[in-house]
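The values are calculated or read from the model by the stated rules, or taken from the named source; none is laboratory data. For clarity, every value in this text was computed on a predicted model and none was experimentally measured. Counting neighbours? That spans all protein chains shown, and the Cβs are built from the backbone with ideal geometry, glycine included.
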Amino acid sequence: MSSLPDPGLAIDLNDVGSAESAPESVKARVRALYELGKPNLSAMVSVSGLLGYQLARPEFHILSAALLALGLWLTSFGACGLNMVVERELDARMRRTRERPIPSGRLGATRAAFAAIVAFAIGFCVLWTTFGWLPAALSVFTAVVYLFVYTPLKSRGPIATWVGAVPGAVPPLMGWAAATARLDAPAFGLFSVLFFWQIPHFFALAWMYRDDYRRGGFDFVPDGADRSIAIQMVLSATCLLFGSASLVLMGSAGYVYGVGALAFGGAYFVATLRMLGAQSPGRARSVFLWSIAYLPLLLVVLFVDGLIR
(Lines give C-alpha, C1' and ligand atoms only; values in the text may rest on other atoms or scores of the structure.)
Protein backbone atom coordinates (compact mmCIF):
# COMPACT_ATOMS: atom_id res chain seq x y z
CA MET A 1 0.00 0.00 0.00
CA SER A 2 1.31 3.39 -0.91
CA SER A 3 2.30 5.65 1.98
CA LEU A 4 1.91 8.78 -0.12
CA PRO A 5 -0.77 11.19 1.14
CA ASP A 6 -3.99 11.53 -0.78
CA PRO A 7 -3.78 14.82 -2.74
CA GLY A 8 -7.49 15.32 -2.17
CA LEU A 9 -6.94 15.38 1.57
CA ALA A 10 -3.94 17.71 1.49
CA ILE A 11 -4.26 20.82 3.69
CA ASP A 12 -2.76 24.13 2.66
CA LEU A 13 -1.37 25.63 5.86
CA ASN A 14 -1.50 29.09 4.29
CA ASP A 15 -5.25 28.69 3.82
CA VAL A 16 -5.61 27.73 7.48
CA GLY A 17 -3.71 30.83 8.53
CA SER A 18 -5.82 33.00 6.27
CA ALA A 19 -9.02 31.50 7.64
CA GLU A 20 -7.91 32.11 11.21
CA SER A 21 -6.84 35.69 10.49
CA ALA A 22 -10.02 36.62 8.61
CA PRO A 23 -12.13 37.19 11.77
CA GLU A 24 -9.29 39.24 13.24
CA SER A 25 -9.17 41.34 10.06
CA VAL A 26 -12.91 41.98 10.21
CA LYS A 27 -12.68 42.82 13.91
CA ALA A 28 -9.83 45.28 13.27
CA ARG A 29 -11.77 46.94 10.45
CA VAL A 30 -14.89 47.31 12.59
CA ARG A 31 -12.75 48.73 15.39
CA ALA A 32 -11.20 51.25 13.00
CA LEU A 33 -14.64 52.33 11.76
CA TYR A 34 -15.82 52.72 15.35
CA GLU A 35 -12.84 54.89 16.28
CA LEU A 36 -13.38 57.03 13.18
CA GLY A 37 -16.32 58.85 14.76
CA LYS A 38 -14.54 59.77 18.02
CA PRO A 39 -17.04 57.66 20.00
CA ASN A 40 -16.36 59.30 23.37
CA LEU A 41 -16.94 62.78 21.96
CA SER A 42 -20.05 61.55 20.15
CA ALA A 43 -21.31 60.05 23.42
CA MET A 44 -20.82 63.43 25.08
CA VAL A 45 -22.90 65.00 22.30
CA SER A 46 -25.68 62.50 23.04
CA VAL A 47 -25.51 63.27 26.77
CA SER A 48 -25.71 67.03 26.20
CA GLY A 49 -28.64 66.55 23.81
CA LEU A 50 -30.44 64.49 26.44
CA LEU A 51 -29.93 67.37 28.88
CA GLY A 52 -32.00 69.60 26.62
CA TYR A 53 -34.60 66.89 26.08
CA GLN A 54 -34.94 66.19 29.80
CA LEU A 55 -35.18 69.88 30.66
CA ALA A 56 -38.00 70.42 28.15
CA ARG A 57 -39.81 67.19 28.96
CA PRO A 58 -39.31 66.08 32.59
CA GLU A 59 -41.43 62.93 32.12
CA PHE A 60 -38.86 60.46 30.80
CA HIS A 61 -39.74 58.42 27.68
CA ILE A 62 -37.01 55.84 27.30
CA LEU A 63 -37.68 54.94 23.64
CA SER A 64 -37.75 58.57 22.50
CA ALA A 65 -34.63 59.32 24.54
CA ALA A 66 -32.86 56.31 23.03
CA LEU A 67 -33.76 57.37 19.48
CA LEU A 68 -32.61 60.91 20.18
CA ALA A 69 -29.31 59.66 21.60
CA LEU A 70 -28.86 57.42 18.53
CA GLY A 71 -29.57 60.24 16.07
CA LEU A 72 -27.22 62.60 17.89
CA TRP A 73 -24.49 59.98 18.15
CA LEU A 74 -24.66 59.10 14.45
CA THR A 75 -24.68 62.69 13.20
CA SER A 76 -21.77 63.51 15.51
CA PHE A 77 -20.01 60.34 14.34
CA GLY A 78 -20.38 61.47 10.74
CA ALA A 79 -19.10 64.99 11.36
CA CYS A 80 -16.15 63.74 13.44
CA GLY A 81 -15.31 61.14 10.81
CA LEU A 82 -15.22 63.75 8.05
CA ASN A 83 -13.05 65.92 10.30
CA MET A 84 -10.60 63.02 10.59
CA VAL A 85 -10.53 62.72 6.81
CA VAL A 86 -9.75 66.43 6.43
CA GLU A 87 -7.07 66.44 9.14
CA ARG A 88 -5.46 63.06 8.40
CA GLU A 89 -2.08 64.54 7.42
CA LEU A 90 -1.96 66.77 10.50
CA ASP A 91 -3.01 63.87 12.73
CA ALA A 92 -0.07 61.85 11.42
CA ARG A 93 2.34 64.41 12.91
CA MET A 94 1.02 64.23 16.47
CA ARG A 95 1.72 61.47 18.98
CA ARG A 96 -1.79 61.50 20.46
CA THR A 97 -3.48 61.21 17.05
CA ARG A 98 -1.07 59.28 14.82
CA GLU A 99 -2.74 55.98 15.78
CA ARG A 100 -6.14 57.15 14.60
CA PRO A 101 -7.64 54.94 11.89
CA ILE A 102 -6.54 56.92 8.82
CA PRO A 103 -2.98 58.04 9.70
CA SER A 104 -2.23 54.59 11.13
CA GLY A 105 -3.21 53.00 7.80
CA ARG A 106 -6.04 50.91 9.26
CA LEU A 107 -8.63 52.72 7.18
CA GLY A 108 -8.41 54.44 3.81
CA ALA A 109 -9.56 58.04 3.46
CA THR A 110 -12.17 57.21 0.79
CA ARG A 111 -13.74 54.42 2.82
CA ALA A 112 -13.66 56.62 5.92
CA ALA A 113 -15.42 59.47 4.13
CA PHE A 114 -18.08 57.10 2.81
CA ALA A 115 -18.70 55.60 6.26
CA ALA A 116 -18.91 59.05 7.85
CA ILE A 117 -21.41 60.31 5.26
CA VAL A 118 -23.57 57.19 5.66
CA ALA A 119 -23.53 57.53 9.46
CA PHE A 120 -24.52 61.19 9.28
CA ALA A 121 -27.29 60.45 6.76
CA ILE A 122 -28.76 57.71 8.96
CA GLY A 123 -28.62 59.94 12.04
CA PHE A 124 -30.23 62.79 10.11
CA CYS A 125 -33.06 60.49 9.01
CA VAL A 126 -33.58 59.25 12.59
CA LEU A 127 -33.87 62.83 13.85
CA TRP A 128 -36.13 63.98 11.00
CA THR A 129 -38.55 61.04 11.00
CA THR A 130 -38.79 60.78 14.79
CA PHE A 131 -38.63 64.40 15.94
CA GLY A 132 -39.22 66.60 12.90
CA TRP A 133 -37.23 68.97 10.75
CA LEU A 134 -35.82 71.30 13.43
CA PRO A 135 -33.41 68.95 15.23
CA ALA A 136 -32.39 67.50 11.86
CA ALA A 137 -31.66 70.99 10.49
CA LEU A 138 -29.66 71.83 13.61
CA SER A 139 -27.54 68.74 13.03
CA VAL A 140 -26.64 70.06 9.56
CA PHE A 141 -25.84 73.50 10.99
CA THR A 142 -23.58 71.91 13.59
CA ALA A 143 -21.69 69.85 11.01
CA VAL A 144 -21.23 72.80 8.65
CA VAL A 145 -19.80 75.09 11.37
CA TYR A 146 -17.62 72.29 12.73
CA LEU A 147 -16.16 71.28 9.36
CA PHE A 148 -16.06 74.54 7.41
CA VAL A 149 -15.51 77.19 10.10
CA TYR A 150 -13.94 75.64 13.20
CA THR A 151 -11.64 73.14 11.46
CA PRO A 152 -9.88 75.76 9.25
CA LEU A 153 -9.51 78.07 12.27
CA LYS A 154 -7.69 75.50 14.40
CA SER A 155 -4.35 76.68 13.04
CA ARG A 156 -5.14 80.33 13.84
CA GLY A 157 -4.76 80.25 17.64
CA PRO A 158 -7.07 80.39 20.69
CA ILE A 159 -9.97 81.96 18.76
CA ALA A 160 -10.69 78.50 17.35
CA THR A 161 -11.69 77.26 20.81
CA TRP A 162 -14.38 79.92 21.11
CA VAL A 163 -15.70 79.30 17.60
CA GLY A 164 -15.63 75.54 18.12
CA ALA A 165 -17.72 75.92 21.26
CA VAL A 166 -20.68 77.01 19.11
CA PRO A 167 -21.34 73.66 17.37
CA GLY A 168 -20.47 71.93 20.63
CA ALA A 169 -23.27 73.81 22.40
CA VAL A 170 -25.97 73.11 19.80
CA PRO A 171 -26.91 69.52 20.88
CA PRO A 172 -28.99 70.77 23.88
CA LEU A 173 -30.96 72.90 21.41
CA MET A 174 -31.51 69.75 19.36
CA GLY A 175 -32.73 67.93 22.46
CA TRP A 176 -35.10 70.76 23.34
CA ALA A 177 -36.38 70.93 19.76
CA ALA A 178 -36.91 67.16 19.77
CA ALA A 179 -39.15 67.50 22.83
CA THR A 180 -41.09 70.65 21.87
CA ALA A 181 -40.60 71.22 18.10
CA ARG A 182 -39.45 74.78 18.89
CA LEU A 183 -36.68 76.72 20.64
CA ASP A 184 -37.51 78.62 23.83
CA ALA A 185 -35.47 80.82 26.18
CA PRO A 186 -34.46 77.98 28.56
CA ALA A 187 -32.96 76.12 25.60
CA PHE A 188 -30.57 79.01 25.04
CA GLY A 189 -29.82 79.06 28.77
CA LEU A 190 -28.66 75.47 28.41
CA PHE A 191 -26.80 76.45 25.23
CA SER A 192 -24.83 78.95 27.34
CA VAL A 193 -24.04 76.23 29.90
CA LEU A 194 -22.59 73.97 27.21
CA PHE A 195 -20.81 76.84 25.48
CA PHE A 196 -18.97 78.05 28.57
CA TRP A 197 -18.34 74.49 29.83
CA GLN A 198 -16.26 73.78 26.73
CA ILE A 199 -13.79 76.66 27.07
CA PRO A 200 -11.91 75.39 30.16
CA HIS A 201 -12.33 71.82 28.90
CA PHE A 202 -10.56 72.39 25.58
CA PHE A 203 -8.02 74.90 26.86
CA ALA A 204 -6.99 72.39 29.55
CA LEU A 205 -6.62 69.69 26.89
CA ALA A 206 -4.66 72.07 24.66
CA TRP A 207 -2.38 73.01 27.54
CA MET A 208 -1.69 69.36 28.39
CA TYR A 209 -0.75 68.54 24.78
CA ARG A 210 0.52 71.93 23.61
CA ASP A 211 3.79 70.62 22.15
CA ASP A 212 2.02 67.80 20.35
CA TYR A 213 -0.57 70.20 18.94
CA ARG A 214 2.19 72.44 17.63
CA ARG A 215 3.68 69.51 15.76
CA GLY A 216 0.33 69.22 14.03
CA GLY A 217 0.21 72.93 13.20
CA PHE A 218 -2.26 73.90 15.95
CA ASP A 219 -1.21 76.68 18.33
CA PHE A 220 -4.08 76.78 20.81
CA VAL A 221 -1.83 78.02 23.65
CA PRO A 222 0.76 80.42 22.18
CA ASP A 223 4.02 81.12 24.02
CA GLY A 224 3.54 83.72 26.73
CA ALA A 225 -0.24 83.26 26.75
CA ASP A 226 -0.48 80.81 29.67
CA ARG A 227 -1.99 83.32 32.09
CA SER A 228 -4.25 84.80 29.42
CA ILE A 229 -5.62 81.33 28.70
CA ALA A 230 -6.10 80.67 32.43
CA ILE A 231 -8.04 83.94 32.77
CA GLN A 232 -10.33 82.88 29.91
CA MET A 233 -10.89 79.57 31.68
CA VAL A 234 -11.88 81.29 34.95
CA LEU A 235 -14.20 83.76 33.20
CA SER A 236 -15.87 80.92 31.30
CA ALA A 237 -16.35 78.88 34.47
CA THR A 238 -17.92 81.96 36.09
CA CYS A 239 -20.31 82.41 33.16
CA LEU A 240 -21.12 78.71 33.42
CA LEU A 241 -22.37 79.24 36.99
CA PHE A 242 -24.63 82.10 35.88
CA GLY A 243 -25.87 80.12 32.89
CA SER A 244 -26.82 77.12 35.01
CA ALA A 245 -28.55 79.43 37.54
CA SER A 246 -30.61 81.00 34.74
CA LEU A 247 -32.45 77.72 34.23
CA VAL A 248 -33.73 77.87 37.81
CA LEU A 249 -34.63 81.56 37.53
CA MET A 250 -36.65 80.85 34.37
CA GLY A 251 -38.53 78.10 36.18
CA SER A 252 -37.28 75.31 33.94
CA ALA A 253 -35.44 73.51 36.74
CA GLY A 254 -35.91 73.18 40.48
CA TYR A 255 -33.81 73.33 43.62
CA VAL A 256 -32.32 69.84 43.23
CA TYR A 257 -30.86 70.80 39.88
CA GLY A 258 -29.86 74.22 41.22
CA VAL A 259 -27.94 72.79 44.17
CA GLY A 260 -26.27 70.14 42.02
CA ALA A 261 -25.34 72.59 39.25
CA LEU A 262 -23.91 75.00 41.83
CA ALA A 263 -21.87 72.25 43.51
CA PHE A 264 -20.47 70.73 40.32
CA GLY A 265 -19.96 74.08 38.63
CA GLY A 266 -18.32 75.41 41.79
CA ALA A 267 -15.82 72.55 41.84
CA TYR A 268 -15.09 73.18 38.16
CA PHE A 269 -14.63 76.89 38.91
CA VAL A 270 -12.20 76.16 41.76
CA ALA A 271 -10.14 73.94 39.43
CA THR A 272 -9.82 76.82 36.95
CA LEU A 273 -8.86 79.20 39.79
CA ARG A 274 -6.03 76.85 40.73
CA MET A 275 -4.93 76.89 37.11
CA LEU A 276 -4.88 80.70 37.24
CA GLY A 277 -2.70 80.59 40.35
CA ALA A 278 -0.05 78.43 38.71
CA GLN A 279 -0.15 76.79 35.29
CA SER A 280 1.05 73.19 35.35
CA PRO A 281 0.19 69.89 33.63
CA GLY A 282 -1.30 68.56 36.88
CA ARG A 283 -3.64 71.51 37.30
CA ALA A 284 -4.63 71.44 33.65
CA ARG A 285 -5.44 67.76 34.06
CA SER A 286 -7.57 68.55 37.11
CA VAL A 287 -9.62 71.04 35.08
CA PHE A 288 -9.97 68.49 32.28
CA LEU A 289 -11.14 65.70 34.60
CA TRP A 290 -13.71 67.94 36.27
CA SER A 291 -15.00 68.93 32.84
CA ILE A 292 -15.46 65.27 31.90
CA ALA A 293 -17.41 64.58 35.10
CA TYR A 294 -19.57 67.70 34.89
CA LEU A 295 -22.04 66.83 32.11
CA PRO A 296 -23.02 63.30 33.27
CA LEU A 297 -23.46 64.61 36.82
CA LEU A 298 -25.60 67.48 35.55
CA LEU A 299 -27.79 65.03 33.63
CA VAL A 300 -28.29 62.92 36.76
CA VAL A 301 -29.40 65.86 38.94
CA LEU A 302 -31.62 67.16 36.14
CA PHE A 303 -33.28 63.75 35.87
CA VAL A 304 -33.79 63.54 39.65
CA ASP A 305 -35.08 67.11 39.68
CA GLY A 306 -37.64 66.21 37.03
CA LEU A 307 -38.84 63.21 39.05
CA ILE A 308 -39.29 65.30 42.18
CA ARG A 309 -41.00 68.21 40.45
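When each of Ala165, Ala179 is tested for being free of Cβ contacts under 8 Å to residues at least 40 places away in the same chain, closer than 20 Å to Leu298 by Cα and touching a helix residue (DSSP H, G or I) at 6+ places or on another chain (Cβ under 9 Å), the lone residue that passes is Ala165. The residue that is farthest from Leu72 (Cα to Cα), among those in the stretch 166-190 that are out of contact with any Gly (no Cβ under 9 Å at 6 or more places or on another chain) and surrounded by fewer than 20 Cβ atoms within 10 Å (Cβ to Cβ), is Ala185. In the stretch 296-309, what residues are surrounded by fewer than 21 Cβ atoms within 10 Å (Cβ to Cβ), at pLDDT below 90 and closer than 14 Å to Ala263 by Cα? Of everything in the stretch 296-309, those that are surrounded by fewer than 21 Cβ atoms within 10 Å (Cβ to Cβ), at pLDDT below 90 and closer than 14 Å to Ala263 by Cα turn out to be Pro296, Leu299, Val300.
The test for being hydrophobic (A, V, I, L, M, F, W, C), part of a helix (DSSP H, G or I) and within 10 Å of the chain's Cα centre (by Cα) does not hold for Leu63. Within the stretch 258-295, being hydroxyl-bearing (Ser, Thr, Tyr) and either modelled with pLDDT under 90 or in contact with a Phe, Trp or Tyr (Cβ under 9 Å, 6 or more places away or on another chain) (or both) holds for Tyr268, Thr272, Ser280, Ser291, Tyr294. Could you check the stretch 206-245 and list, in sequence order, the residues that are in contact with a Phe, Trp or Tyr (Cβ under 6 Å, 6 or more places away or on another chain), aliphatic (A, V, I, L, M) and under 20 Å from Ala293 (Cα atoms)? If the condition is that a residue be in contact with a Phe, Trp or Tyr (Cβ under 6 Å, 6 or more places away or on another chain), aliphatic (A, V, I, L, M) and under 20 Å from Ala293 (Cα atoms), then Ala206, Met233, Ala237, Leu240 are the ones that fit. Criterion applied to Gly105, Gly123, Gly132 was being in contact (Cβ under 8 Å) with a residue 12 or more places away in the chain and surrounded by fewer than 18 Cβ atoms within 10 Å (Cβ to Cβ), and the one residue passing it is Gly132. Considering (1) surrounded by fewer than 18 Cβ atoms within 10 Å (Cβ to Cβ); (2) over 20 Å from the mean Cα position of the chain (by Cα), the lone condition that Asp219 does not fulfil carries the number (1). One residue stands out in the stretch 143-158 among those that are surrounded by 14 or more Cβ atoms within 10 Å (Cβ to Cβ) and of a type in the set (Val, Ile, Thr): the one that is nearest to Arg214 (Cα to Cα), namely Thr151.
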